[in-house]
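Enquirer: My questions all concern the structure below.
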Amino acid sequence: MLKKLEQVVCYSALALLALLPLSESIARLVFHSAIPAEQVTISQLLLVVSMFSAMLTTAKGEHLSIGLVQYSSNEKLKKICACAGSLISCAVCTILFFASAAFIKMGLMPPTLVGFIPDIIYALVLPLGFAVMTARFARRFPAGGKWRIFPILAILAGAFYSIPVIIKFFWGFDLSDAQFAAIDLFYQITLAVKTPALILLVLSALAGTPLFVVLGALSILLIEASGGEIDVTVNQIYTGLTGQNFIAIPLFTLAGFFLSESKAGTRLVRTFHSLFSWFPGGMIAASVLICAFFTSFTGASGVTILALGGILYSILCRDGKYGENFSVGLLTSSGSIGLLFPPSLPLILVGTMTQTNILHLFAGGIAPGLLISAAMVVFGIIISVKTKVPVQPFNLREALSACKHSAGEIILPFVLIGGYFSGILSLVELGAFAAVYVFILEVFIFKDIKLKDAGAVFAKAVPITGGILAILGLSQALSYYIVDTQAPENFARWMGSAIGSKFAFLLILNLALLAVGCLIDIFSAIVIVLPLIVPLGAAYGIDPVHLGIIFLINMEAGFLTPPVGLNLFLASYRFGKPFVAICRDVLPFLMIQLAVVLLVTYCEPITMTLVNIMRSVK
């Protein structure tokens with residue numbers, strides 16, 4: 001019953017998050033009016049969506065993590081790491097629960113009206129969410145029997161660590177000397193254990209502890225060790241999740257999952273097959289374009305491989321007469337190409353995290369994205385000609401029929417790009433339009449998804465939404481500490497003195513990002529790694545747009561880099577082939593992508609020509 005209620009609240013808030021900006025854009029463009037308090041309302045709705053989706057993601061055990069231990073064959077080690085991660089999660093979420101309560105009492109009183117609802121009502125989802133997540137992490141503790149006492153002890157440890165904010169909650173700032181002394185003692189303890197605790201947290205992240213938990217623990221520890229209050233962490237979470245920066249993320253994610261769960265892939269395959277199968281390598285071009293289309297909306301290359309891998313594989317092997325190894329390698333390596341095309345979520349996140357114009361990032365990603373797509377297609381054409389893959393005669397009637405049936409999906413990226421580049425719609429309004437448009441298209445027009453099954457699509461989108469937003473919310477607190485200490489700037493100055501050559505720095509950056517790309521998912525990398533390299537790029541005179549594209553294109557290649565590239569494991573699961581065989585199949589495509597990575601990295605005009613034209617026009 002409680003889980004059903006959570007789903008209703010989460011899905012309803014997500015639906016309102018799409019409908020309100022769309023209604024606002026219609027009112028502005030058609031009636032030249034505005035919806036009262038629309039922006040602040042959707043900001044608070046984002047907070048609700050974030051916390052409820054995080055709660056549901058915890059119930060499923062699908063929070064994003066680094067989890068290198070998953071590649072180990074030692075089951076005992078895996079269980080120990082899972083137990084440790086569960087205990088750390090219980091303790092940290094307990095601290096965040098008490099910190100949230102203190103923040104609401106001290107930071108949001110007296111309440112402010114958001115429309116006709118006080119902001120404190122929305123903010124109550126913070127302690128509620130962290131309390132529910134605490135209970136669920138405890139319930140998911142892998143060990144049984146006498147070991148079940150450990151989650152309770154972890155919760156008590158979190159409560160003990162929260163004594164300063166508990167005192168603050170009950171007594172406010174009117175404290176006695178004894179209470180001040182108790183709080184000061186906690187600060188001294190935190191300072192004393194900071195270094196071993198940091199090492200433990202890094203190890204726990206590598207062992208699979210949810211990344212948002214690790215980020216929360218790091219921010220709590222570092223802020224308190226520097227003399228700050230624990231509830232500053234929640235203040236930053238609240239600020240981040242009630243801003244305008246992240247609203248488009250759940251909207252585009254929802255649109256992408258409605259596309260992937262419908263028969264849009266089948267329609268697009270038919271369309272591109274009819275348009276391209278008449279020339280050698282035509283189906284290669286079709287496969288690359290279709291994969292790029294889906295990844296640009298879902299923001300996750302794994303979704304593309306899992307959703308479209310089967311149908312494209314059968315067409316390449318059966319109709320295209322391509323070999324099994326070639327087809328698997330092509331589809332595995334094509335899964336991440338769409339990350340560079342708008343409205344890619346990673347592009348939006350890069351702009352948000354680095355305070356870079358997202359419109360410029362969209363423009364900067366087009367040429368590199370086209371270049372890497374063209375390189376894959378040209379390679380496919382060469383292979384097709386050498387192996388004499390048969391082609392099919394062009395059938396105009398079939399092509400027109402196929403285009404007619406898939407026109408709804410084909411026009412969507414052009415409408416979004418035109419709406420954003422023209423300035424008619426904001427990024428949030430574009431996300432709202434995409435979500436509502438795809439919902440209507442797939443549910444009511446094509447009827448691929450029954451209305452009663454729409455909840456299942458929401459449920460599949462929630463782990464991505466909850467995982468990303470939880471990480472982004474906690475990363476705001478850690479960013480607050482990092483910015484306050486000026487650590488990135490100091491690191492940039494040190495690097496500048498140690499490595500004088502811009503080109504040497506770019507080479508080191510390429511190698512480092514390839515390693516990052518094959519170890520952790522792209523969303524975690526954007527939050528953790530990107531803020532650290534932005535000051536470095538500035539120190540070497542690299543434009544932030546170019547740096548963002550370098551980051552993403554390296555991450556693309558990293559997904560295919562053995563021994564732990566994420567797409568390699570997903571392809572092994574999807575195509576039922578051994579991991580080593582997948583690595584062998586992908587190798588020629590990886591070499592092509594690495595060549596394009598180096599070309600884009602060292603030839604800045606590929607990225608910046610269109611961006612500079614836009615800047616000069618302004």
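Enquirer: Only Cα pairs under 8 Å and at least 6 apart count here; give the relative contact order of the range 248-617 as a rounded whole percent.
Expert: So the answer I get is 26 percent.
Enquirer: With the contact rule set at Cα under 8 Å and sequence spacing of 6 or more, what percent relative contact order holds for the chain?
Expert: In percent, rounded to a whole number, it is 19.
Enquirer: With a Förster radius of 30 Å, plug the Cβ-Cβ distance of Ser314 and Lys60 into 1/(1 + (r/R0)^6) and report the FRET value to the nearest 0.05.
Expert: The value I calculate is 0.50.
Enquirer: To the nearest 20 debye, what charge dipole does the range 248-617 have about its Cα centre, counting +1 at the Cβ of each Lys and Arg and -1 at the Cβ of each Asp and Glu?
Expert: Value, rounded to 20: 900 debye.
Enquirer: With each label point set 7 Å from Cα along the Cα-Cβ vector, what nm distance links Lys194 and Leu451?
Expert: Inter-label distance under the simple model: 5.8 nm.
Enquirer: Here's another thing I want to ask about it. Placing +1 on the Cβ of each Lys and Arg and -1 on the Cβ of each Asp and Glu in the chain, which of Ser334, Leu96, Ala525 has its Cα farthest towards the positive end of the resulting dipole?
Expert: Projecting each Cα onto the dipole axis, the largest value belongs to Ser334.
Enquirer: If you don't mind, there's one more thing I want to ask. So if we plug the beta-carbon distance of Phe279 and Leu599 into 1/(1 + (r/R0)^6) with R0 = 25 Å, what FRET efficiency do we get, rounded to 0.05?
Expert: 0.45
Enquirer: Right, next: Modelling each spin label as a point 7 Å along the Cα-to-Cβ direction, I'd like the Ser616/Val483 distance in nm, to one decimal.
Expert: Rounded to a tenth, the inter-label distance reads 3.4 nm.
Enquirer: Treat every Asp and Glu Cβ in the range 2-241 as -1 and every Lys and Arg Cβ as +1, leave all other atoms uncharged, and give the resulting dipole magnitude about the Cα centre to the nearest 20 debye.
Expert: Result for the range 2-241 is approximately 1100 debye, rounded to the nearest 20.
Enquirer: Of Pro393, Leu594, Leu254, whose Cα points farthest to the positive end of the dipole of the range 248-617 (charges on the beta-carbon: +1 Lys, Arg; -1 Asp, Glu; origin at the Cα centre)?
Expert: Pro393
Enquirer: A follow-up question, please. Using 0.36 nm times the number of residues separating Lys4 and Ala34, minus their current alpha carbon distance, what extension gain do you get?
Expert: 7.4 nm
Enquirer: As an exercise, use a Förster radius of 60 Å and the Cβ-Cβ distance of Ala374 and Cys83 to find the FRET efficiency, rounded to the nearest 0.05.
Expert: For Ala374 and Cys83, the calculated efficiency is 0.75.
Enquirer: State the label only: which of [x] 0.98; [y] 1.00; [z] 1.04 corresponds to Rg/Rh (Cα atoms, Kirkwood Rh) computed from the shown model?
Expert: Answer label, from the structure shown: [x].
Enquirer: Which value, in debye to the nearest 20, gives the size of the charge dipole of the range 87-172 about its Cα centre, when Lys and Arg are +1 and Asp and Glu are -1 at the Cβ?
Expert: 400 debye
Enquirer: Run the numbers for Gln179 and Leu532: contour at 0.36 nm per residue of separation, minus the present Cα-Cα distance, in nm.
Expert: Going from the current span to full extension adds 123.3 nm.
Enquirer: Using the Kyte-Doolittle scale, which helices in the chain average at least 1.6 and also have C-alpha atoms spread 27 Å or more along the helix axis, with helices defined as whole DSSP H runs?
Expert: 358-387, 579-602
Enquirer: If you don't mind, another one. How far is it, in nm, from the label point at Asn490 to the one at Phe394 when both lie 7 Å from their Cα along the line to the Cβ?
Expert: Going by the 7 Å Cα→Cβ label model, 6.4 nm.
Enquirer: Between Ile163 and Ile26, 0.36 nm times their residue separation minus their Cα-Cα distance comes to what?
Expert: Extra length from Ile163 to Ile26 when fully extended: 44.3 nm.
Enquirer: Please list, or write none, the lysines whose alpha carbon is within less than 28 Å of the alpha carbon of Lys321, excluding same-chain residues fewer than 8 places away.
Expert: Result set, ordered by chain and number: Lys263, Lys386, Lys388, Lys404, Lys577.
Bear in mind these aren't lab numbers, they're just calculated from the coordinates by the rules spelled out. Everything numeric in this text was worked out from a predicted model, so none of it was measured. Note that we place each Cβ from the backbone using ideal geometry, even for glycine, and neighbour counts take in every protein chain shown.
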